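For reference, the structure is listed below as structure tokens.
The values are calculated or read from the model by the stated rules, or taken from the named source; none is laboratory data. Not measured: the values here are computed from a predicted model. Virtual Cβ from ideal backbone geometry, glycine too; neighbours counted across all protein chains shown. Protein only, heavy atoms only, side chains kept; ligands, DNA and RNA dropped before computing areas. Shrake-Rupley method; radii C 1.70, N 1.55, O 1.52, S 1.80 Å.
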Amino acid sequence: MPLLVEGRRVRLPQSAGDLVRAHPLLEERARLLRGQSVQQVGPQGLLYVQQRELAVTSPKDGSISILGSDDATTCHIVVLRHTGNGATCLTHCDGTDTKAEVPLIMNSIKSFSDHTQCGRLEVHLVGGFSDDRQLSQKLTHQLLSEFDRQEDDIHLVTLCVTELNDREENENHFPVIYGIAVNIKTSEIYRASFQDRGPEEELRAARALTGGPMISIYDAETEQLRIGPYSWMPFPHVDFWLQQDDKQILENLSTSPLAEPPHFVKHIRSTLMFLKKYPSPANTLFLGNKALLYKKNEDGLWEKISSPGS
């Protein structure tokens, strides 16, 4: 079944711009989202989703009230929600394997046993800009095409991607929105940034940098964040990269060097340091091949809990 806007089948392939021009309501929603001021989201009740991760939960969750992600330049943040049971999935897609990722996103919502006939599936796509290499444009097209290929009706509610999320300054292009959050209880989606990207921010970033695929990181039944066990090959030329200056790192390890947030290079450096320290994580970080488990404590902050069977 197709991707729908206001109950009408979407005609693909269309650029994001053509699509919103054909559906003024989409254009208006994108304009309103761009016009919001950025909210600083604190760590309480937050589940932060990194690149190539997805998390899904529902309003019944006693620990998590907000899913969020930021630092998207050419990446897109996708929110899929079932209006009947409120099950909500947020993921940060970078275009590595969109064909495999969209079914994962769909199945994550369907895994909620009360996925009933009442209600509908709604998708929100945010991120990207008019970048030189047209990576954003390609990702927008991939996501729209893959959602259109799914068996279920999916209603496109928010489209604020690529040229609709673009601003120009001194002939350089930048995204307007780098991050969003979704409130699980109210379904509100808003512009957001996050100080706290944990737990295990470097470990999770290292997995993405070494080419790990999209994975689900949260078990809504046990309300536990589950990290690993991961394995990766030693990062090639890690010492060489660590010796480079900021400009070299930015130009070589970013898809969009001019548009990155200010902390990008620092983040890449700390991730490379982590990869140098742990060239084979299976033996050092995941003893007994067990996952690292985290749960929210009474203050709404992540706390490590012992691994199962330990």
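When LEU104, LEU46, LEU80 are screened for being under 25 Å from PRO261 (Cα atoms) and either touching a residue at least 40 places away in the same chain (Cβ under 8 Å) or under 16 Å from the mean Cα position of the chain (by Cα) (or both), only LEU46 passes. Evaluated against (1) closer than 25 Å to SER111 by Cβ; (2) modelled with pLDDT of 95 or more; (3) open to solvent by less than 40 Å² (accessible area, probe 1.4 Å); (4) outside any strand (DSSP E or B), SER136 falls short on exactly one condition, (1). For the stretch 172-219, filtered to residues that are open to solvent by less than 40 Å² (accessible area, probe 1.4 Å), in a loop (DSSP other than H, G, I, E, B) and in contact with a Lys or Arg (Cβ under 8 Å, 6 or more places away or on another chain), the residue that is farthest from VAL41 (Cα to Cα) is GLY212.
Out of (1) within 29 Å of VAL38 (Cβ to Cβ); (2) more than 23 Å from the chain's Cα centre (by Cα); (3) open to solvent by 50 Å² or more (accessible area, probe 1.4 Å); (4) not aromatic (Phe, Trp, Tyr), the odd one out for ASN297 is which? For ASN297, the failing item is (3). Restricted to the stretch 38-58, and to residues there that are among the hydrophobic types (A, V, I, L, M, F, W, C) and buried (at least 18 other Cβ atoms within 10 Å of the Cβ), the residue that is farthest from ASN85 (Cα to Cα) is VAL41.
The set of residues from the stretch 281-310 being at pLDDT 90 or above and either of a type in the set (Gly, Ala, Ser) or assigned to a strand (DSSP E or B) (or both) comprises ALA291, LEU292, LEU293, TYR294, LYS295, LYS296, GLY300, TRP302, GLU303, LYS304, ILE305.
Checking each residue in the stretch 219-245 for being under 20 Å from the mean Cα position of the chain (by Cα) and among the polar types (S, T, N, Q) picks out only GLN224. For the stretch 124-172, give me the residue count where each residue is charged (D, E, K, R) and either within 19 Å of the chain's Cα centre (by Cα) or within 17 Å of SER15 (Cβ to Cβ) (or both). Qualifying residue count for the region: 8. Pairing residues of the stretch 232-261 that are aliphatic (A, V, I, L, M) with residues that are surrounded by 16 or more Cβ atoms within 10 Å (Cβ to Cβ) and not in a helix (DSSP H, G or I), at Cβ distances under 6 Å and at least 6 apart in sequence or on separate chains, gives ALA259/THR73; ALA259/PHE174.
Within the stretch 98-133, the residues that satisfy the criterion of being assigned to a loop (DSSP other than H, G, I, E, B) and loosely packed, with under 14 Cβ neighbours inside 10 Å are SER113, ASP114, THR116, GLN117, CYS118, ASP132, ARG133.
In the stretch 151-171, what residues are closer than 17 Å to GLU101 by Cα and open to solvent by 30 Å² or more (accessible area, probe 1.4 Å)? The answer is GLU151, ASP152.
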